[in-house]
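Enquirer: First, the structure itself, so that you have it in front of you.
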Protein chains: 2
Amino acid sequence: MSSGTNRPELAKSQAALNAQGGPVVILVEPQMGENIGACARAMLNCGLTELRLVNPRDGWPNEKAVAASAGATEVLDRARVFTGTREAIADLHKVYATAARVRDMVKDIVTPRRAARDLHAHVAAGRRVGILFGPERTGLVNDDIVLSDTMISVPLNPGFSSLNLAQAVLLVAYEWWMEAAQAEEFYTHTGQSPPATKEELHNLFDHLEGELDQTGFYTHPDKKPSMVRNVRNTLQRAHMTEQEVRTFHGIIAALVGRKKQRARTE
Amino acid sequence: MSSGTNRPELAKSQAALNAQGGPVVILVEPQMGENIGACARAMLNCGLTELRLVNPRDGWPNEKAVAASAGATEVLDRARVFTGTREAIADLHKVYATAARVRDMVKDIVTPRRAARDLHAHVAAGRRVGILFGPERTGLVNDDIVLSDTMISVPLNPGFSSLNLAQAVLLVAYEWWMEAAQAEEFYTHTGQSPPATKEELHNLFDHLEGELDQTGFYTHPDKKPSMVRNVRNTLQRAHMTEQEVRTFHGIIAALVGRKKQRARTE
């Protein structure tokens, strides 16, 4: 599943994101290389390229990370390793922490969607921002959380809310991307054929109704206007392309021809 | 990373979702049990519980799916297996298809966010809805896509847009959940201590400013009002709890006491 190549506006927004310098993703003491790779993949899916690792358990670089990244090597190759979280965020202005529970601290908490909006505002103002993610098993410890300005919590099913590391990175990065992507919510993929004009559509309606008239389809003249309206509405909901209109002219002709042919042979 | 237990409104919305009957997730010819399990986990994270499988490659039930589901067994136990996509969607009213590319077809395409809004509208109107996801390697084939009303495409980084199966399920299910979750975008987790009232806060300011007055901190009386305003604004941005206000009273007293003590010993 992917974005396809149908949304030219995305290329523009991606270039804008790259130029701005998106949030740094900081994985604190990640355990499995596979998960680091999956995080890199999720980051690049969403236009984020700057990864920092605090004390990765299995060292760095890590072949399993490369294998799991599905080709997001531009993220892994640029990843920087730090010996402490404080060092990893030293050059940043605003830091968010993702965590399972807030425990016994007083902290501001936002959804990923709100965080995305705030992160874009920070970046637009020239501030460097980062997001902390904790180790797979335990999540961030309090000593890491206290280094953050704000916490991010995903408001999922309270009865089953545990996400794996790459899924957490994906949701936060996805909201970052969506906030700027300005993708069309709805469009019709038409391939090579443009949408039909109203004239082309009305010619099709005229063709159909003309043939139906000759068949005696409209047995009750007083009901004809509402029948015509209903069929026009049905076909209009299909918002056809030029090519599809031509196809339906052909369908009508074929059905009429078959009927005429049958009339001749009877 | 999880939702925490700080959002009581979610329990309500979850109950509403369960009662309504959310979208059915239909995996067409899924290959790896691990991926089926990861999909079940992502579904339950987002309150979806109805899974259908069309010709799962390695048969069903599948132990690897259970292992990868992180406990989402209520989804796996209820999963139903079908021999064809058409059979799997027979009782549904609206079907969405997720796909990498639109290829040579004319189809309506929406983002996951738009799909979530439309899916909720369908469900609220009593319609049964489902979402098709294709096999890991190839995605849905055209013969499956044509069974759908509308396609869902995630508008990610056009240069790197490939999602794995569970990630695709997660993003679509996440948008479904978020559309109804009505989670507070921003709140301050205060634990046991409620936010301070304005009176408690102003008493703290008075305490601080009174002590500072006695130390001769405000050397230029004409500048005192703006200095007071600045410090009040700084502390106000911390939007303290009752307990934190008490702590800061203690901090002021301790600092003053130390100074007095020092004065006595000098």
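Since every read-out is calculated from the coordinates, none of them should be taken as a lab result. All values derive from a computational prediction rather than experimental measurement. Virtual Cβ from ideal backbone geometry, glycine too; neighbours counted across all protein chains shown.
Enquirer: If one computes the Cα centroid of the range A:103-131 and of the range A:223-266, what distance in Å separates the two points?
Expert: Centre-to-centre distance over Cα atoms comes out at 57 Å.
Enquirer: Order A:25-38, A:93-106, B:51-64 from most to least packed using the mean count of other Cβ atoms within 10 Å.
Expert: For the peptides A:25-38, A:93-106, B:51-64, the packing ranking is A:25-38, A:93-106, B:51-64.
Enquirer: How far is A:Q31 from the same spot in each other copy, in nm, shortest first, if each label point sits 7 Å from Cα toward Cβ?
Expert: The projected label point of A:Q31 is separated from its counterparts by 2.8 nm.
Enquirer: How many nanometers, to one decimal and shortest first, lie between the label point of A:A254 and those of its other copies, if labels sit 7 Å from Cα toward Cβ?
Expert: 8.6
Enquirer: Moving on. Tabulate in residue order the Karplus-calculated ³J(HN,Hα) for the range B:142-151, using 6.51 cos²θ - 1.76 cosθ + 1.60 with θ = phi - 60°, rounded to whole Hz; enter x for Gly and Pro.
Expert: Once θ is set to phi - 60°, the couplings for the range B:142-151 become 4, 5, 7, 4, 5, 6, 9, 7, 8, 9 Hz.
Enquirer: Counting pairs of alpha carbon atoms under 8 Å apart in space and at least six apart in sequence, what relative contact order in percent does the range B:8-181 give?
Expert: Answer for the range B:8-181 is 30 percent.
Enquirer: Note down the magnitude of the dipole of chain B about its Cα centre, charges +1 on Lys and Arg C-beta and -1 on Asp and Glu C-beta and zero elsewhere, to the nearest 20 debye.
Expert: Magnitude of the dipole: close to 640 debye.
Enquirer: Work out from phi, with θ = phi - 60° and the Karplus expression 6.51 cos²θ - 1.76 cosθ + 1.60, the ³J(HN,Hα) of each residue of the range B:158-168, listed in order in whole Hz, and give x for Gly and Pro.
Expert: x, x, 6, 10, 6, 9, 7, 4, 5, 5, 5
Enquirer: Relative to the longest principal axis of chain A, what angle (0 to 90°, nearest 10) does the C-alpha long axis of helix A:112-124 take?
Expert: 70 degrees
Enquirer: Take the alpha-carbon centre of the range A:179-222, take the same for the range A:135-165, and report the distance between them in whole Å.
Expert: Here the answer is 51 Å between Cα centres.
Enquirer: Same structure, new question: Would you list B:I131, A:I251, B:I252, B:I145 from fewest to most Cβ contacts within 10 Å?
Expert: Lowest count first: A:I251, B:I252, B:I145, B:I131.
Enquirer: Applying the Karplus parametrisation 6.51 cos²θ - 1.76 cosθ + 1.60 with θ = phi - 60° to the phi angles of the range B:182-187, what ³J(HN,Hα) value in whole Hz is obtained for each residue in order, glycine and proline being reported as x?
Expert: With coefficients 6.51, -1.76 and 1.60, one gets 6, 6, 4, 5, 9, 7 Hz.
Enquirer: Let me ask something additional. Amide H of A:T150: which non-local residues (sequence gap of 5 or more, or other chain) have their own amide H closer than 5 Å, using H built in the peptide plane?
Expert: Close amide H contacts, sequence-distant or interchain: A:V95, A:A97.
Enquirer: If the label for A:W60 sits 7 angstrom from Cα along the Cα-to-Cβ line, what are its distances to the same label in every other copy, in nm to one decimal, shortest first?
Expert: 4.2
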